[in-house]
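Q: One structure is given below, represented as structure tokens, and several questions about it will come after.
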Amino acid sequence: MVVKRQCSFCAQEIEPGTGMMFVKRDGTVFHFCTSSCRKQQLHLHRVGHRFKWTRAHELKRAADRSSAQKGPAAAPSQKAGRTRSGGRQPAVAASAAAPAAEPPSKESAPTPEPTTASPAPATKPRRPRKKAEAPAKE
């Protein structure tokens, strides 16, 4: 019986007798339809469903649409992720059923005292560069 495989990167069907199989040292087996898929995943460490040209992207979008149509209860909660600046973003647990909390009254909240110390500089001061010495002429 002929076994049809799926590309590990783009999720495209691989015809029997074509493609490449890559086995990692830990025994994980990857099947790739083309060398571009192999290079994208193994050398450039990219994820297939993030690229619009892959079938994996289409499958992921279709799954997201179907879960969004089922209702807000079936939608996954927001997770902590990376921001554009590379820092971590706090996890947000939004629940539509939870009532909004009342803001604290001004009487019970302590007022912050002003500080007299100056804030620390955001970056370290740079050291001056050493000047390159010109070769001595004789």
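Q: On the basis of being part of a helix (DSSP H, G or I), under 24 Å from K4 (Cα atoms), polar (S, T, N, Q) and at pLDDT below 90, does Q69 make the cut?
A: Working: part of a helix (DSSP H, G or I): yes; under 24 Å from K4 (Cα atoms): no; polar (S, T, N, Q): yes; at pLDDT below 90: yes.
No, not satisfied.
Q: List every residue pair whose Cβ atoms lie under 7 Å apart, where the two residues are 6 or more positions apart in sequence or sit on different chains, the first residue falls within region 12-32 and is exposed (fewer than 14 other Cβ atoms within 10 Å of the Cβ), and the second residue, located anywhere, is in a loop (DSSP other than H, G, I, E, B).
A: E13/K4; P16/V2; P16/K4
Q: For the list (1) surrounded by fewer than 12 Cβ atoms within 10 Å (Cβ to Cβ); (2) in contact with a Cys (Cβ under 8 Å, 6 or more places away or on another chain); (3) farther than 25 Å from M1 by Cα; (4) among the polar types (S, T, N, Q), I need the number of the one condition that T54 fails.
A: The one condition T54 does not meet is (1).
Q: Within the set of pairs 6+ apart or on separate chains, which have a first residue in region 35-55 that is without any contact (Cβ under 8 Å) to a residue 40 or more places away in the chain and of a type in the set (S, T, Y), a second that is surrounded by fewer than 17 Cβ atoms within 10 Å (Cβ to Cβ) and not in a helix (DSSP H, G or I), and C-beta atoms under 8 Å apart?
A: Filtered contacts from region 35-55: S35/M20.
Q: Looking at (1) modelled with pLDDT under 85; (2) in contact with a strand residue (DSSP E or B) (Cβ under 9 Å, 6 or more places away or on another chain); (3) not basic (K, R), which one does L42 not meet, given that it meets all the others?
A: Failing condition for L42: (1).
The values are calculated or read from the model by the stated rules, or taken from the named source; none is laboratory data. This one's a predicted model, so the numbers in the text were calculated from it and none came from an experiment. Please note: Cβ atoms are built from the backbone with ideal geometry, for glycine as well, and neighbour counts cover all protein chains shown.
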